[in-house]
Amino acid sequence: MLVSTLGAVRNALFWLLCLGVALVSWRFMVAGVELTMPTVAYHATLRPIAFYAHVGLAPIALALVPLQIWRGFRNRHRAIHRLLGRVYGVAVVLSGLGGLWLAATTTSGPVAASGFAVLAVLWVATTIVGIRAAMIGDTRAHQQWMTRSVALTLAAVTLRIYLPLSLVFNLEFATAYTAIAWLCWVPNLLVAEYLIRRQPRLVPAQ
């Protein structure tokens, strides 16, 4: 009973975080970029295509994560899962390319820039490889690569956890932001690798 209750709470929290962060990320549509994203508003002026591709499409990918990894839904509605997977893939690729452009032109310094740039490259790459595996029918590889992709998508959540914490601990913003550029995704990817490697290996038939 306790285990099932904790599982339900965990799942509800996961849905809340993914959908909540996705919706909050679109706040610029209501209040404008200058007010809601002052530290990166210069990107909207200097490189609007990359900026709006990133901030507009990344929330779509994040919002789809809970539904796409929901095993029951995936098993019952395979056609919808495949369709939403294509939407997820397009959102990741376009948003990731936009994010790569923003990382290359950021004023936050080379360490932060490289952190976000590596994130963008890995995000796009793992998603493409994962979708390619599904297209050729390699279900196991598809699940493994999409686990990595989802872990990187969740960087949007962990980043928004770390930023308020840096304020709580009164850390200097530039220093904290530089560290968060790496901390928002590296631990996520390590957890994904742990989960992948603890899965039982398939033993070939004799």
If you place +1 on the Cβ of every Lys and Arg and -1 on the Cβ of every Asp and Glu, how big does the dipole about the Cα centre of the range 63-206 come out, in debye to the nearest 20?
-> 800
Semi-axes of the range 2-197 from the Cα gyration tensor (sqrt of 5 times each eigenvalue, largest first, whole Å) come to 28, 20, 17
The range 84-123 scanned against label point 7 Å out from ARG132 along Cα→C-beta; backbone N under 20 Å for 85-98, 100, 118-123
Binning at 10 Å from 0, report for the range 1-106 what percent of all alpha-carbon pair distances ends up in each bin.
-> 14, 36, 29, 16, 5, 0
Förster-model FRET efficiency, 25 Å R0, PHE169 and VAL24, C-beta, rounded to 0.05 | 0.70
³J(HN,Hα) computed for each position of the range 162-172 - Karplus, 6.51 cos²θ - 1.76 cosθ + 1.60, integer Hz, glycine/proline x = 5, 4, x, 5, 5, 6, 4, 8, 6, 7, 5
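No lab work stands behind these numbers, since they all come straight from the coordinates. In this text, all values refer to a predicted model and were calculated from it rather than measured experimentally. Every residue, glycine as well, gets a Cβ built from its backbone with ideal geometry; the counts of neighbours run over all protein chains shown.
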